[in-house]
Every structure is written in structure tokens, then in C-alpha cells.
1. Does anyone have the angle between helix 66-91 and the longest principal axis of the chain? Alpha-carbon axes, 0 to 90°, nearest 10?
2. Per residue, how much accessible surface does the chain expose to a 1.4 Å probe? Answer in Å², no decimals.
3. At 1.4 Å probe size, with the rest of the protein present, what percent of the exposed accessible area of the chain is carbon and sulfur atoms?
4. Return the loop-located trypsin sites (Lys or Arg not before Pro) in region 23-93 (DSSP other than H, G, I, E, B) with at most 14 other Cβ atoms within 10 Å of their own Cβ; answer none if there are none.
5. Return the equivalent ellipsoid semi-axes of the chain as a descending list in whole Å, where each equals the square root of 5 times an eigenvalue of the C-alpha gyration tensor.
6. Do the sum for the chain: with -39,500 (n - 2.57) for every DSSP H run of n ≥ 4, divided by all residues, what is the mean residue ellipticity at 222 nm, to the nearest 500 deg cm²/dmol?
7. Please quote Rg/Rh for region 1-60 to two decimal places, taking the Kirkwood radius as Rh and restricting both calculations to Cα atoms.
8. May I ask for the net charge around E68, where only other residues with Cβ less than 11 Å from the Cβ of E68 are counted and Lys, Arg are +1 while Asp, Glu are -1?
Amino acid sequence: MALGVIEECLKLSVEYAKTRELWGQRIGDFQLIQLKLAKMEVARLNVQNLVFRHIEMQRAGRSPTLAEASAMKLYAAQAASEVAQEAVQLFGGNGYMSEYRVEQLARDAKSFQIYAGTDEIQITHIARDLLSR
């Protein structure tokens, strides 16, 4: 789900950056907007790679350790939340309007850090598993 939120935020942000103009220029031409988009793409690739890693582990008959599973959830949830907040920021005032999908995606992304184990719980799981080895 986190990967889906990241992908949707990135898609919407790229579309918006291509069409929204400020001072007679597409906002996608501004370096700060380009930086935001690049960071979103890095997050997308990282979370996608975590998903692929998990699939490869399952195919090999190996389940992730508690530390690995918790680390994957922690990273994916944080990445989705950060990307969604950057999307809201990129959209400016429109990012808070319900007419723009990034507003809902930002709320959805934050829930990943709360439901099914908060970030703090994931950190505890990671540390306990590592320390018990």
C-alpha cells in the first residue's frame, strides 16, 4: 500500500509540475521542484526494491526475520508519509484542498505509521530482534 501511495503521489506531482505555471514558467523547471521529484523517485525505487526482495525471499522459502519485516514496514511507511507531504508541499495551497488527490493520499500515508504497529513499535521490534541474536 505504501508503494501505491508513493507511485500515485509521484505521478500526480509530475503531472502537476508539467502543467502548473508560476511567474510564466512551469514549476517543473524550478530546481527545488526537480529535487522534490527526484527524492520521490528514489523513495519509490527503494520501497519497490523492498517489495521485490520480500517476493524473492518468499519464492526461496525464507521468511523475513522480525527485524527485517519491521524494518521494511518502518521504512515503507516513513517513505510514503514523506513523499505524500512533499507532494502536498509541491502542490502549494492546492495540496490541502480535497479537490486534489494528494490531500487524501497524505492522510492515508500517515496512517501507515500508526496502524498495524506504530513506528515506535517497529523500532522496538527491530532492536529486540537484533539484540536477541
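The values are calculated or read from the model by the stated rules, or taken from the named source; none is laboratory data. Not measured: the values here are computed from a predicted model. Virtual Cβ from ideal backbone geometry, glycine too; neighbours counted across all protein chains shown. Quick note on the areas: whole protein, heavy atoms, side chains included, nothing else; ligands and nucleic acids left out. Shrake-Rupley method; radii C 1.70, N 1.55, O 1.52, S 1.80 Å.
1. Taking Cα atoms only, the helix is inclined about 10 degrees.
2. Numbers: 8170 Å² over 133 residues.
Here the residues of the chain average 61 Å² of exposed surface.
3. Working: 4650 of 8170 Å².
Carbon with sulfur: 57 percent of the solvent-accessible area.
4. In loop regions of region 23-93 (DSSP not H, G, I, E or B), the sparsely surrounded trypsin sites (Lys or Arg not before Pro) are R62.
5. Taking √(5λ) for each Cα gyration eigenvalue gives 33, 15, 12 Å.
6. Numbers: 5 runs with 98 residues, N = 133.
Estimated from H runs of four or more residues: -25500 deg cm²/dmol.
7. Numbers: Rg = 15.1 Å, Rh = 12.8 Å.
Ratio of gyration radius to Kirkwood radius for region 1-60: 1.17.
8. Numbers: positive: R53, R62, K73; negative: D129.
Within the 11 Å Cβ shell, the charges total +2.
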